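Read-outs: derived from the displayed coordinates by stated rules, not from any lab. Keep in mind that what you see is a predicted model, and the values were worked out from it rather than measured. As a convention, Cβ positions derive from the backbone with ideal geometry for all residues, glycine included, and neighbour counts pool all protein chains shown.
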Amino acid sequence: MPTLRLGSLFDGIGVFPLAASRCGIVPVWASEIARAPVSITRRHFPDMLHLGDITQIGGGKIPPVDIVTFGSPCQNLSTIGAREGLAGSKSGLFYQAMRIIEEMRYATNNRYPAFAVWENVAGAFSSNDRLDFAAVLHAFTGI
């Protein structure tokens, strides 16, 4: 059986790659812009590519992976935030992840990624009178 490969967007300190590696999944690349978290993942995963700013990544130009994980910024979805929802400048970056997934699927004739995992805050279910979560579901089913 082939080894599954993982790409992590909004990688933070590499929780998704760490969990994946403990299950035999190979972390291939990550996108993160904060220097401290990148230094942590470089130390733990020296062979993992670091792609930087998500807005500068072309999904059809990076190594295809079986699984894309992401915990896009939650500040605009959180119940303790301003509740701008997916229209907010930070939480709206969710759509950048979806763009990358869509571009990768197009470039690989819909073969990769086979799975996408989105992690976020409980406020994502109620933001914008629940229309934001409906938009998330629509985005996932659309690709």
Connecting C-alpha atoms closer than 10 Å in a GNM of the chain, tell me which of Glu32, Glu102, Glu119 has the biggest fluctuation. Glu119
Trypsin sites (Lys or Arg not before Pro), restricted to region 82-143: which are DSSP loop and have at most 13 other Cβ atoms within 10 Å? Arg111
Of Asp129, Asp47, Asp11, which has the largest mean-square fluctuation in a 10 Å C-alpha GNM of the chain? Asp129
With Cα springs under 10 Å, the Gaussian network model of the chain assigns the largest mean-square fluctuation among Val15, Val68, Val26 to Val15
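Roughly speaking, what is the stretch gain from Thr3 to Leu49, that is 0.36 nm per residue apart minus the C-alpha to C-alpha distance, in nm to one decimal?
Values: separation 46, 0.36 × 46 = 16.56 nm, distance 1.75 nm.
Stretched fully, the Thr3-Leu49 segment lengthens by 14.8 nm.
Rg/Rh for the chain to two decimals, with Rh computed the Kirkwood way over all alpha-carbon pairs. Show your work: numbers first, answer last.
On the way: Rg = 14.9 Å, Rh = 15.4 Å.
Expressed as Rg/Rh, it is 0.97.
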Extension gain (nm, one decimal) between Ile13 and Lys90, 0.36 nm per residue minus Cα-Cα: 25.9 nm
15 Å cut-off, amide nitrogen to a point 7 angstrom out along Ala36 Cα→Cβ, residues in region 1-17: 12-14
